[in-house]
Each structure stands twice: as C-alpha cells, then as structure tokens.
Amino acid sequence: MLVAASGSPPFAALASRSCADLVKAREEAEAASTRLAAWMERHCLGSLETAEPFCKLQSGVLLQRLAEERYLTGDLISAVESGEKALHLRRELGQQEHAGEALRWLSRFYWYSGNRAAGERCAAESLDVLTPLGPSAELAMAMSSQSQLLMLGGEHEAAIRWGIRAIALATELDLPDVVAHAMNNVGTAESSLGMPDGLDRLRKSLQLSLELGAEDHASRAYANLSHHLVALRLLDDAAGVLEEGLAYCAAHDLDVQIPYLRAARALMNVRRGNWTEAMSEANDVLALPGTTPVHRFAALLPVVMVNIRTGPPNTATMRELGRLAHDLGEVQRLAAYANVRAEALWLAGQHVAADAELSAIYARTTSSGERAAATELAWWLSRVGLTVEPPSIRHGAFRDALTDPRPAAAHLELLGSRYDAAVCLMEGGQEDLRQALEIFNRLGAKPAAAAAQAMLRRLGASKIARGPRPTTRRDPHGLTARQLEVLDLMAEHLTNAEIAQRLFLSERTVDHHVSAILSKLHVQTRDDAIRHA
C-alpha cells in the first residue's frame, strides 16, 4: 500500500479500530497528498495544464495510486477527487486502457460514497472504453466490476452472467486475482437466489484472495460472506468469519471495510439476543468520522431493531433508516428497512390493509430474486395483515414460517435466533405463547412480551408471567439466581445428580436448569458453559 500506518496495533484492538485510528490513517493519506503536490511542483515546474507529458504521466500514476489508497483507508470523498484528476490526465494523454481502469475504480468510489448513479455511469463508461481495445486485464476487471454493481443492486441473474464472462476472460489471460473478484460476485448473487453453491463459491473466493495476497478482494469477500451468513441466521459461522475479517482488515489498514464488518457483527448480536453488546458496537460505528451512507445504514439497522424491541421506539431513527434505504436504492437495504418497519407496526398492534411503501418494496424484492429476503419480508408483512403473494421459491431461515410456524420456531431456536423463534410461536396455542413470553421476558423485549400477555389473556389463560425477577434482570445473560447457583456447581464439575442432592432439588429440575443455562449462554456443552462462566 502507498500509505501505511506506522506500527501494528495489538490483536485485542484489531476488531474495534477507534476513531483515532481512522483519523490517523486519513491524516497520513492527506500527508501523502501534500508530498505528491510538492513532487509535482518540483518536477513538473508548473501546473498540470502546462506540465510536460512525462510529468503528466507520472502524476497520473501517483494520483491513481493515491485515490486507491484513500479508498482503502476509508476517505471516500478524497478518493473521488483524486480519481477524477487521474482520469482527466489519462484522457488527456490518450491512455485509453488506463482511463478505463480509472473509470472502473471511480465506479467503486462513487458507489461506496452512496452515489450509485455515478457508479453505474462510470462502470458503463469503463466498458465502453475498454471493450474496443480487445482482451486485457483491465477489461476483465471492468467486467467483474459490472457484475459486482449488478449484484449489489439486486440484479443477480445479470450479475452471474457478467461474472462468468469475467472469469472466462481472466482464466484465458491467467489473472487469478480477477477470478477471485468475480467469484465473489457470482457466489454472492447465487446465495441471494438461494442456490446451494453460492456460499461455497464465496468461501473459495476468500481463500483464493488470501493466497494471492489480494487485500481489497479478501476484505470484500469477508464482508459479503459474513453478510450472507448473518442473513441466513448461520450465526456461529458468521461470528468466526467476522472476527477473522476484522483482524485481517485491521492488520492490513483496510479501514474502508472495518465499519461494515463491525455493523454486521452488531446485527449478528441482535439476532443472537445480545442487544446491549449490539447497541454498543453499532453506536461506535455511527460515531466514526466521515461515515459513508453505506456504513451508516448498516450500523443504524441494528440500533433501530433493538430500539423497537425494547421500546419506546425512536421515530427519528426509523425515518433516517428509511431515507437512507431509499437514497441508496438497493434491494438489500430496502428489504431490511421494510422488515423493521413492518415489525414496528406489529409491535404497536397496528394492522394495515394496504401500505404503498411496503408493497412496493416487497414487489421489487421478489422480482430481484432476493429469495431469503423476500421470504422473510413476506412473513413480516403477514404479521401486520398485509396480503401479498408468497415467493414462489421460499428460502432461508423463514422458509416454513408462513405455513408451519412451530417447526420454523424450532429451527430458528436451533440457529440461535430466539426472538424470531418466539414471534413464530405467537401463532400457536397457550403453551406456545407461554414459551414465547418466557423468551421475550428473558431478552427484555417488553413490547413483544406485552403482546404475548394480551393474547394469553384473550385465550383465558391464568398465571401469566409478568417478567423476569430483579435478580434475573441484573444478570447480563438473564440467568436466575437458581441458575447462577447451578452454574457455580457445574464449574465444580458436579453431575446433575450431585447438583440436585446439593440443592435439594429433583434431578429433572436440574436438567431443566442446565438446559436453560446452555441456551442463555448460547453454548452447546457443559464445558463451554463453565469456560464462559
């Protein structure tokens, strides 16, 4: 990299780059810009307009490298500025291939800055410039970038076609880094369409990028893979990818992806029910300097989700989330926003016979082929009484939620997505509602707990739980005083029978306590629970 931060932070700091880290990286990029300007002044003897062709050539090279460095360190505004200057010089010197490459980079800079329209324009211009020149590394990468932009916009079938073309040309020209980039796009699009090979292709893209030392490609693979694992509720897999990705990006000064990965980790913790941890991380991302619209939406989403689930809702943050989703204009953002807005309506007890915004987003989501997103959104819209045609092919963790809510709840519980499991149980009878209420109370989901209590009362139920005891609320994992006692004895490596004898309980009661402890700590074995304790 052209600019590298001096020294490497200790591993404990890698997953949470501070505002100071990012400010330092950007200051170093600005210092590089100043050195570049001084070089031009010394060697070009005047402005770029009057400089000799050789000086313009060297300036174009340095400006392009500076633009890429500013992008990688997260300074998108400056990246666009340097990239446009580099493009101007390339065109002035008649360097068509380099101009096509500069346009391809600008497409990425503009997209990440939240200006998708400019990104699409630059991507199209890049192909227009490079295609007549014949096969080249620049053309292969421009094809892959076009695939990337289509994938991000939800046009997955077109993304796959362009990605396959890029892979074919890159293979012919022996360009493994371009193959890795295009495999990322194809795998992400396939995963969105519900194709079973999508995640495997994404993992192969990541592995190839790491083997090649293609840092930007690797960081993007970490981002896309973790995003899809969280969306599919494969949360344990997502946790490992996120930790590895954050460490990699921090070690290689790839600050542009760190906020996105941290926002994805916050969303993962929302799914897991670790809401305090999720809010802390998401708010840290929102406080970073120069947050892009893409990063801001990704971080604001978990904040709004926790806000509506713990109540009372903050209407200002919901409005901002909606504005960002519409400004970015991509199905993946719009569908996520629509899910949250529908959930907020459900928690407020509001049913809608018609809603133009939600209906329009659902129609676009289904037409895009975002099958997991469409399946989840159809389920939430049904919760608020909005009649929509279910997706023809249902996919993801909510595949059976519309038709078989109890098995869907069991599946979601197994995946660690307990809140969603509890909402599915709201379709059942008294026992299902009591189980849902227990989960809501454990999570501190007051609006949903109130809805479950109201439904139980309407069914004539008695002895309805009101919420966790004060001692349970004080424990960060929601463990009761008795469960804490059982955990202490588990740490002494006592069997359930021995714990039952020590606490004067039945062995069956201890079995229930142990199962509840494992569930609340999100672990699978007694040894894991003991280590956690």
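The values are calculated or read from the model by the stated rules, or taken from the named source; none is laboratory data. Every value quoted in this text rests on a predicted model; they were computed, and no experiment measured them. Methodologically, a virtual Cβ is constructed for each residue, glycine included, from the backbone with ideal geometry; neighbour enumeration extends over all protein chains shown.
For this structure, a couple of remarks:
- Qualifying residue in the range 296-307 (condition: surrounded by fewer than 23 Cβ atoms within 10 Å (Cβ to Cβ) and over 30 Å from LYS520 (Cβ atoms)): yes
- Here THR131 meets each of (1) within 27 Å of the chain's Cα centre (by Cα); (2) among the hydroxyl-bearing types (Ser, Thr, Tyr); (3) surrounded by fewer than 18 Cβ atoms within 10 Å (Cβ to Cβ) with one exception, condition (1).
- Close pairs (8 angstrom Cβ cut-off, 6 or more residues apart or separate chains): without any contact (Cβ under 8 Å) to a residue 12 or more places away in the chain in the range 255-271, β-branched (Val, Ile, Thr) and part of a helix (DSSP H, G or I) anywhere: none
- Some residue of the range 500-512 being among the charged types (D, E, K, R) and not in a helix (DSSP H, G or I): no
- Sole residue being surrounded by 19 or more Cβ atoms within 10 Å (Cβ to Cβ), within 20 Å of GLU427 (Cα to Cα) and either at pLDDT 95 or above or in contact with a Gly (Cβ under 8 Å, 6 or more places away or on another chain) (or both), chosen from LEU324, LEU381: LEU381
- Within the range 164-198, being of a type in the set (A, V, I, L, M) and surrounded by 20 or more Cβ atoms within 10 Å (Cβ to Cβ) holds for ALA166, ILE167, LEU169, ALA170, LEU175, VAL178, VAL179, ALA180, ALA182, MET183, VAL186, ALA189.
- Scan of the range 245-287 for residues that are out of contact with any Cys (no Cβ under 6 Å at 6 or more places or on another chain) and not in a helix (DSSP H, G or I), ordered by number: HIS252, ASP253, LEU254, ASP255, VAL256, GLY273, ASN274, ALA287
- Restricting the range 192-220 to residues that are touching a His at 6+ places or on another chain (Cβ under 9 Å) and small (Gly, Ala, Ser), the residue that is farthest from HIS395 (Cα to Cα) is ALA214.
- Condition check for VAL523: modelled with pLDDT of 80 or more and either more than 29 Å from the chain's Cα centre (by Cα) or small (Gly, Ala, Ser) (or both): no
- Residue check for GLU41: assigned to a helix (DSSP H, G or I) and modelled with pLDDT of 90 or more: no
- Of the residues making up the range 134-161, those that are of a type in the set (Asp, Glu) and under 25 Å from the mean Cα position of the chain (by Cα) number 2.
- All conditions but one from (1) over 27 Å from TYR110 (Cα atoms); (2) touching a helix residue (DSSP H, G or I) at 6+ places or on another chain (Cβ under 8 Å); (3) assigned to a loop (DSSP other than H, G, I, E, B) apply to GLY290; the one that does not is (1).
- Spans of helices (runs of 4 or more DSSP H) in the range 94-153 with at least 3 residues polar (S, T, N, Q) and within 16 Å of ALA166 (Cβ to Cβ): 137-152
- Where helices (runs of 4 or more DSSP H) fall entirely within the range 341-440, those with at least 2 residues that are free of Cβ contacts under 8 Å to residues at least 12 places away in the same chain and not small (Gly, Ala, Ser) are at 405-415.
- Matching residues in the range 520-533 - criterion: being within 25 Å of TRP275 (Cβ to Cβ), part of a helix (DSSP H, G or I) and free of Cβ contacts under 8 Å to residues at least 24 places away in the same chain: ASP528, ARG531, HIS532
- Scanning the range 137-158 turns up no residue that is at pLDDT 95 or above, among the polar types (S, T, N, Q) and surrounded by fewer than 24 Cβ atoms within 10 Å (Cβ to Cβ).
- Residue within the range 219-230 that is polar (S, T, N, Q), in contact with a Pro (Cβ under 8 Å, 6 or more places away or on another chain) and assigned to a helix (DSSP H, G or I) present: no
- Flag for THR471 being modelled with pLDDT under 70 and β-branched (Val, Ile, Thr): yes
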